[in-house]
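Nothing in this text is a laboratory measurement; each read-out follows from the coordinates by a stated rule. What you see is a predicted model; the values in this text were computed from it and never measured. Cβ placement follows ideal geometry from the backbone for every residue including glycine, while neighbour counts extend to all protein chains displayed.
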């Protein structure tokens, strides 16, 4: 695994490059060498976005004589012997357009904290209008694409993103306190990333990007409309220290300890003749990107699929994201290959997937799911995702509630990656420090290749990754994420020395894959599903939203009643299943019971998608409209309620009808799910 990680992260391998294709061919060969029945390169022609490597994106400050007094960096400073590569991509925000915007003399940027809806609402409350201005937001809390669209919707003409030391350099930013000496981010580290709010190729929405596919025009695609550029906190400091205006709210103050964190937009008097200019030179092209798909044919049920996948492309060296997950995929393939040489065959077909162009908007997996939608909806049992295996020591497996018990059982079989006897023990101890009685299981947010399987197709899915220790450092992601410092040196010396965490991740993935691939009765935990549903409904009650929903639609209690009936039905089914497991002689009965459970989550797929979101079809567990990374239960209800009472009467009436219809739809879906669990002969 260490040798694989060293090779995978030796050079940058962004999607659409020769190095990415080279790794795809290597993975295809490895599947063949492991004895897989098939191993294929699957190409798609998709719209990708790149910076101009000869004309880099810049933020500059000019004085009254038009002299440039500051120019931002467009790539990281090399700090270790392996950091410099001529093919390493310059800093950019993928899919944002080329642009050239400038402030008036004496006008700077507006500081918008994390760029969340509530942050822009706070600025409005303080009397600050971002329309016509460049805004600067710190990374974190929500998906970067939501930051850009929030700014664009409010009339901003450009966005600057940066990682604040409060999120990426908690112990200081002196050389000895950051990479390459620790895992904290230096001042020139810049987070690259895409900004699309839809998954898949934006030119072929809803359809696979095969060679002959019809493509819409770029101006009709859901692409950002204003320029955006990420910079390091060393450069952000130069911009922020010049801002005047109101002091930022206390909880907006970052970790630049010599900066006042004023909101702007005006600059301090001594910079009254200075202007800020944002220039981006990004471009887009349709290019080929490969998936690699390998299969091990099932012996008893070859038409039932258990899938495992990891994306291959990276913004740079990608030692953590995605290569810590890729080495797991290769090792799992090798181990199963050894088992096959000893005569083992899985009961069901195992499908291994190395996805292309995930970093550009979950493109490879989305196009593949769209191409094989009917087959997957009919035959897929489970999708296992490992994007980032190791970004910290804490096991975290967001997943469909149907998988929760299986994951916990598997974690009891795997040695701990720190000092615990098992991963279960370590996870339980971690959550106990947060006053939780057991390892907490959560549903999936957006952001990786499980999205088309779960949110579009309704296939039970899980995402295995090990996160940072929030009890030790209150950060949401490892500091070098998507930067030039996400190197083998960082991984091997600071994040996972000895690859103990990657081994733990691989063991969870392999055992889960084999558990669902070999078990006669699929090990779903049906009663966990209504448990998670009721938890989500409880949030509406706790927030006061339930009263609003009843006021809007007096039949809302019928939804709660349908959930209660569904809960009873799952309990009754689980009891029958427990008795049936004592008599597993009838293969037809086994097949029928498995199909009932396998199809349960698909009941909650709305063919037309959530209101205004055709690409998101799971009505119960899917990301929020306002943060693609967030975990959300009943996302459309939360989205439709947003600012409902602030709307003018006619618009509120229309929104109310949408809410009423969606609640009705949900009620019917739960009634359908209850019916699905009845005896086979009952229609």
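Some notes on this structure:
- Within region 655-683: backbone nitrogen closer than 18 Å to the residue 539 label point (7 Å, Cα to C-beta): 663, 666
- Scaled radius of gyration (Cα, divided by 2.2 N^0.38 Å) that region 58-281 gives: 1.06
- Within region 265-305: backbone nitrogen closer than 14 Å to the residue 68 label point (7 Å, Cα to C-beta): 276-281
- Potential lengthening of the chain between residue 574 and residue 216 amounts to 124.1 nm, from the contour at 0.36 nm per residue minus the alpha-carbon distance.
- Cα long-axis angle, helix 423-432 against the chain (0 to 90 degrees, to the nearest 10): 60 degrees
- Cα-based helix-to-principal-axis angle, 18-33 vs the chain, degrees rounded to 10: 20 degrees
- Taken over region 435-533, the convex hull of the Cα atoms encloses 161 Å³ per residue.
- The ranking of 252, 283, 404, 315 from fewest to most other beta carbons within 10 Å of each one's beta carbon is 283, 252, 404, 315.
- Degrees between helix 649-676 axis and first principal axis of the chain (Cα, 0 to 90, nearest 10): 30 degrees
- The label point for residue 413 and the one for residue 584, both projected 7 Å from the Cα toward the Cβ, are 1.3 nm apart.
- Exposure proxy for 570, 60, 487: other Cβ atoms within 10 Å of each Cβ, ordered fewest to most, give 60, 570, 487.
- When the alpha carbon gyration tensor of the chain is reduced to an equivalent ellipsoid, the three semi-axes, largest first, read 41, 31, 23 Å.
- Where labels lie 7 Å past Cα in the beta-carbon direction, separation of residue 170 and residue 339 in nm: 3.8 nm
- For region 282-419, the square roots of the Cα gyration tensor eigenvalues, ordered a ≥ b ≥ c, give a/c of at least 1.5 with a/b no greater than b/c, which places it in the oblate category.
- One decimal place: the segment residue 129-residue 554 gains 149.2 nm when fully extended, by the rule 0.36 nm per residue minus the C-alpha distance.
- Region 509-568: C-alpha gyration tensor shape, a/c 1.5 cut-off, then a/b vs b/c: prolate
- Relative contact order [Cα under 8 Å, 6+ residues apart], the chain, whole percent: 16 percent
- For region 599-663, the equivalent ellipsoid derived from the Cα gyration tensor has semi-axes of 23, 14, 9 Å, listed largest first.
- Centroid-to-centroid, using Cα positions, region 12-76 and region 575-634 are 36 Å apart.
- Separation between Cα centres of region 338-404 and region 517-549, rounded to whole Å: 23 Å
- Per-pair calculated FRET efficiency, R0 = 22 Å: residue 41 and residue 283 via Cβ, rounded to 0.05: 0.25
- Residue order, fewest to most beta carbons within 10 Å, for 525, 400, 543: 543, 525, 400
- Equivalent-ellipsoid semi-axes of region 520-649, from the Cα gyration tensor, Å, largest first: 35, 17, 12
- Approximate spin-label separation residue 153-residue 440, in nm, with each point projected 7 Å along Cα-to-Cβ: 2.7 nm
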